[in-house]
1. Go through the range 16-74 and name the trypsin sites (Lys or Arg not before Pro) that are in a DSSP coil and have 14 or fewer other Cβ atoms within 10 Å of their Cβ.
2. With springs only between Cα atoms under 10 Å apart, run a GNM on the chain and tell me which of Asn44, Asn60, Asn81 wobbles the most.
3. Which is farthest toward the positive dipole end of the chain among Tyr91, Asn53, Asn171, measuring Cα position about the Cα centre, with Cβ charges +1 (Lys, Arg) and -1 (Asp, Glu)?
4. Can you pull the percent of the chain's accessible area that's carbon plus sulfur, 1.4 Å probe, other chains left in place?
5. Would you mind getting the accessible area per residue of the chain, heavy atoms of the protein chains only, 1.4 Å probe, in Å²?
6. Starting from the Cα gyration tensor of the range 24-103, take the square roots of the eigenvalues, sort them a ≥ b ≥ c, and report rounded, prolate or oblate (rounded when a/c is under 1.5, otherwise prolate if a/b is larger than b/c, else oblate).
7. For the chain, modelled as a GNM with alpha-carbon contacts under 10 angstrom, which of Ile97, Ile115, Ile152 fluctuates the most?
8. Looking at the chain, which longest stretch skips every one of the GluC sites (Glu not before Pro) that is in a DSSP loop with at most 15 other Cβ atoms within 10 Å, leaving the sites themselves out?
Amino acid sequence: MKNIKLIIPKKNEYFYKEKIENDAKTMSYNAGYDVTYNGYNYDNGCIKFNRENWTNLLKNDNRYFAYVKDCEINEYVGYVNYQYNEKENIYECGVLIEYKYRSRGYAKDALKLLIREANKNGIKYLYDNFEKEREHTLELFLSLGFEVVKEIKWKKFRKFVDGVIVRINTNMEEVWK
């Protein structure tokens, strides 16, 4: 595992989240979806930072958010999160690695740390969803022990795309040893 750790940011440390969510290269995977949350840019996937949402994110017990820090270079390289989806009655997770740090193993190690945090916090399963054509993402999740639980379709740039919903039992430590 890389020499990384998860850092729960303080209220005044929003700068990094704001920076990477406004970077079109980092957020390109997020473009073209028919979503309705404030600040979302349909064309490039960027998300305009909202201080009120940031404060709510840090105070909510049904959410976890942490920056991923590479201790060797003393830099943030991305973030991980999970949050409770009340409608679906599940915890959804995510990992976002800044574009310039991708393909260096950060996502896998950061997801391992996130899964451990979810387990410590009593969350049994984490879910995520993404397009099937994101083959590297699917390989990453499967390599950690996630399983495909459902195939779905949704619209991206007004066309239907195939997607998957994946799930992991957070008590998967023995698989990684």
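1. In loop regions of the range 16-74 (DSSP not H, G, I, E or B), the sparsely surrounded trypsin sites (Lys or Arg not before Pro) are Lys48.
2. For the chain, modelled as a Gaussian network with Cα springs under 10 Å, the answer is Asn60.
3. Sorting the options by dipole projection puts first Asn53.
4. So the carbon and sulfur contribution to the accessible surface is 43 percent.
5. With all protein chains present, the chain gives 59 Å² per residue.
6. oblate
7. In this elastic network of the chain, the residue with the biggest mean-square fluctuation among Ile97, Ile115, Ile152 is Ile152.
8. 14-71
The values are calculated or read from the model by the stated rules, or taken from the named source; none is laboratory data. Quick caveat, the model's predicted, so the values are computed rather than measured. All Cβ positions, glycine included, derive from the backbone under ideal geometry; neighbour counts span all protein chains shown. Accessible surface is based on the protein model in full, side chains and every heavy atom, while ligands, DNA and RNA are left aside. Shrake-Rupley method; radii C 1.70, N 1.55, O 1.52, S 1.80 Å.
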